[in-house]
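Here's the structure, in structure tokens; my notes come after.
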Amino acid sequence: MKKNMGIADRIIRGVAAFVLGYLSSYNIVTGNLVLVFMMLSIALFITALFGYCPLYALFRINTMSHKQRDTFANKHNTPII
């Protein structure tokens with residue numbers, strides 16, 4: 001699985017996951033919105049953790065900078081396409 005998210009994207013997703021998790025855990029939102037926020041929070045956290053977003057892959061979006069791509073490719077001995 002090739003990474004397709006840059007550092008800034010991963011940080012923003014991590015913060016958004018924390019905020020949504022906090023809102024749903026401390027009863028700030030109620031009803032069905034709690035379930036929606038928790039599911040979204042989990043999805044954002046997992047994509048931020050692994051640096052891979054399936055929707056980005058579907059639309060061929062890559063938010064990694066060239067420097068990050070080169071560093072990742074050199075660490076894992078994978079060619080950059």
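None of the figures in this text is laboratory data; all of them are computed from the coordinates on show. Keep in mind that what you see is a predicted model, and the values were worked out from it rather than measured. For neighbour counting, all protein chains shown are included, and Cβ atoms are generated from backbone atoms with ideal geometry for every residue, glycine included.
Laid out as a table, the results:
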read-out: Sequence ranges 9-22, 54-67, 31-44, ranked by mean other-Cβ count within 10 angstrom, highest first; value: 9-22, 31-44, 54-67
read-out: Inverse mean reciprocal Cα-Cα distance (Kirkwood Rh) of the range 7-76, Å; value: 13.4 Å
read-out: Spacing of the two label points (7 Å from each Cα toward its C-beta) at residue 65 and residue 33, in nm; value: 3.7 nm
read-out: Lys/Arg +1, Asp/Glu -1 at C-beta; the range 7-76 dipole; positive extreme among 42, 56, 29; value: 56
read-out: About the Cα centre, charge dipole magnitude for the range 7-76 (Lys/Arg +1, Asp/Glu -1 at Cβ), debye; value: 220 debye
